[in-house]
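A short worksheet on the structure shown next.
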Amino acid sequence: MSIFWIFARAGFVWTAILAIPAMSGSAYAETPDISGTYWATEYRAKIQLVGGSDLPLTEAGKAAYEKNMAGLKDGSITDAARKYCVPDGLPRVLATPYPFEIIQAPPGQVTIIHELNHQVRVVAMDKPMPSEKDLTTFPFYNGHSVGHFEGDTLVIETAGFNEKTFIDAAGAPHTDEMRTVERIRRISPTQLEDVITIHDPQYYSRDWQARFVYNLRNDVRLEDYVCGEPHRDLSSVAGVRRP
Amino acid sequence: MFITTNSVRAALIVSLHAVTVATALAADSSAKQGAAVPDFTIDSKSPWLMVGDELLPAPSGPGPVTFDKRYPYVDNAAARRTGTQPTYRVADLSNPILQPWAVEQMRKANDWVLAGKVLFRARERCYPAGVPGWVIYTLAEPIFILQTEKQVTMINQGGPEVRRIYLDVPHSPNPKPSWYGESVSDYDGNDTLVAESIAISTETFIDSYGTPHTDQLHVVERYKLIDGGKMMEVLISIEDPGAFTTPWSAMQRFRRVPREWSEDICAENNLDFLQYEVVPLPQADKPDF
């Protein structure tokens, strides 16, 4: 926990310094607009780390990963996100080959709605993280998220996850102690980047990052999604293999 | 981050897309436009809870299917209040809006319930509500309404279920049928949102009595703030010459409640419904991708 907060604070100091020019003037009217409909152009079942290394699994993490992989293979573990369409959770949902919406509403909130499994992520803006007691009493698939803007970047911190989800479709594990920090920004007028940092010291010996890029697709309307039905054409997304 | 004066807050609600770093003047101009738009949102913790899970009769004219008087319907909340037993619904098949084929289909549903079985209800089996079923989906979970420049997004926390209503656009030439259909809308005055829906999947039911519809279903909902914004009323006009003898209307009311978002995932708790013979939850025999 403490390492995470040192990391988070260090990050905040740097970004605060970098953000000073953007925040001068009447800062509080300056909410950056990152709203829109976004859609990835590639899908990877196995999460790719920034820098290309393997997952820095601890011994406990390695054992959990092997158990998940074996169980998914022999059917003793169900991938509930695909079988029953419960939420993918973080960071797996970021790999979605389906479009999603970022809505900067209601006031004081950023709402992210995915077509896949009609998942809803609610990000409370400029609010403190709920207490440890609340996080452990009410663990969520998508965790509890708080956010703030640093310049043009939306920074989302999330904690209070349940242990029903995987890091990725390959079954990489996490514990309910996982905490994540996402830095979401437009990297061009038509592209959005989400760089997520995973902190889960029981299973990972160091914090690690993954990066996801999406195209702005305001021409696309999200569709209803009901588990087991035929869904939209994903042929524009490289790496999607439908069974 | 958010400006506190009421007029500018109204502008933010209708034009969040437009509020960017360099547009203070534009925000002022939006405030004038925004003043005419009802605020169904207020903030992130004032969603809407339905007062009941039945379509209510409209003030006049032909109305929705209700319960057969011989078998009064008692919802869970009413049962708790009155200390009686909740019941399942048995439809009043004498309602003149129903065409004969609909009556026959619903008679089977009634027989099923009278035989002690559980009638399909979208919320209980984690299926989408459809329209107008959206307004009676669940008593227990709030609806959050997100108003932005081009879209009104309604989220029922239970499920969760999400429905989108597109502002100031016409219907598509040939919309593909879907669970929530295609909804387009406009604001009418400073207190009403008018949503018009077509292309609603015939797998949905109008209500929880199993009232069917055809692909000709056309629904107009008028969402209106009442009681100084503490309540929301929805007047619903329904036409479907394939299923109903006449256009008819219904009503629903919601009250604002102080609730913050919570995750309530339908699909995780309802695999076994007390061993009753019920429709299975939506599930995939093989992964989507």
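The simple Förster model, with R0 at 35 Å and r as the Cβ-Cβ distance, assigns B:Val279 and A:Asp152 a FRET efficiency of 0.15. Comparing B:Val37, B:Trp48, B:Ala195 along the charge dipole axis of the protein assembly as shown, the residue lying farthest to the positive side is B:Trp48, per the Cβ-charge model. Considering only B:Thr202, B:Thr84, B:Thr246, the Gaussian network model of chain B with Cα springs below 10 Å gives its largest mean-square fluctuation to B:Thr84.
Under 23 Å of direct C-alpha separation, and excluding same-chain neighbours fewer than eight residues apart, B:Lys45 reaches these lysines: A:Lys127, A:Lys133, B:Lys150, B:Lys224, B:Lys230. Comparing A:Gly160, A:Gly52, A:Gly171 in a Gaussian network model of chain A, where Cα atoms under 10 Å apart are tied by springs, the biggest mean-square fluctuation is seen for A:Gly52.
Normalised by the number of residues in chain B, the mean separation of alpha-carbon contacts (under 8 Å, six or more apart) gives a relative contact order of 22 percent. With a ≥ b ≥ c taken as the square roots of the eigenvalues of the C-alpha gyration tensor of the stretch B:165-218, please select rounded if a/c is under 1.5 and otherwise prolate if a/b is larger than b/c or oblate if it is not? Since a/c reaches 1.5 but b/c is at least a/b, the shape of the stretch B:165-218 is classed as oblate.
Note on the protein assembly as shown: helix-only mean residue ellipticity at 222 nm, from DSSP H runs of 4+ residues weighted -39500 (n - 2.57) and normalised by residue number, equals -5000 deg cm²/dmol. Charge dipole (Cα centre; +1 on Lys/Arg Cβ, -1 on Asp/Glu Cβ; no other charges) of chain B amounts to roughly 580 debye. Taking every residue in B:117-130 and counting other chain Cβ atoms within 10 Å of its Cβ, the average works out to 1.
Along the charge dipole of the protein assembly as shown, pointing to its positive end and built from +1/-1 on Cβ of Lys, Arg, Asp and Glu, which listed residue (B:Ala122, B:Thr153, B:Thr82) has its Cα farthest out? Projecting each Cα onto the dipole axis, the largest value belongs to B:Thr82. For the protein assembly as shown, every Cys residue has a second cysteine's beta carbon closer than 4.7 Å.
Partner lysines whose Cα lies under 23 Å from the Cα of A:Lys67, excluding those fewer than 8 positions away in the same chain, are identified as A:Lys46, A:Lys83, A:Lys164, B:Lys286. Taking 30 Å as R0, compute the FRET efficiency from the Cβ-Cβ separation of A:Glu42 and A:Lys164 and round it to 0.05. So the FRET efficiency works out to roughly 0.70. Given +1 at the Cβ of Lys and Arg, -1 at the Cβ of Asp and Glu and no other charges, the dipole of the stretch A:176-243 around its Cα centre is 340 debye to the nearest 20. On a C-alpha basis, how far is the centre of the stretch A:43-101 from the centre of the stretch A:131-163 in Å? Whole number, if you could? First find each Cα centre; the distance between them is then 19 Å. Summing Cβ point charges (Lys, Arg +1; Asp, Glu -1) relative to the Cα centre of the protein assembly as shown gives a dipole of roughly 420 debye.
Legend: ranking of residues B:Phe120, B:Phe244, B:Phe205 from fewest to most surrounding C-beta atoms inside 10 Å; resulting order B:Phe120, B:Phe205, B:Phe244. Compared with the dominant principal axis of the Cα atoms in chain B, helix B:24-34 is inclined by about 40°. Per-residue mean of foreign Cβ neighbours for B:145-155 is 4 (Cβ atoms of other chains, 10 Å radius). Relative contact order for the stretch A:34-216: what percent, with Cα pairs under 8 Å and sequence separation of 6 or more? Relative contact order comes out at 26 percent. With a Förster radius of 45 Å applied to the C-beta separation of A:Gln209 and B:Leu114, the computed FRET efficiency comes to 0.15.
In this simple spin-label approximation, A:Ser53 and A:Lys83 carry label points 7 Å from Cα along the Cα→Cβ vector, and these lie 3.4 nm apart. Here the stretch B:110-153 is scanned for amide nitrogen atoms under 15 Å from the site 7 Å beyond the Cα of B:Arg80 along Cα-to-Cβ, giving B:138-142.
Since every read-out is calculated from the coordinates, none of them should be taken as a lab result. Please read all numbers here as calculations on a predicted model, not as lab measurements. Virtual Cβ from ideal backbone geometry, glycine too; neighbours counted across all protein chains shown.
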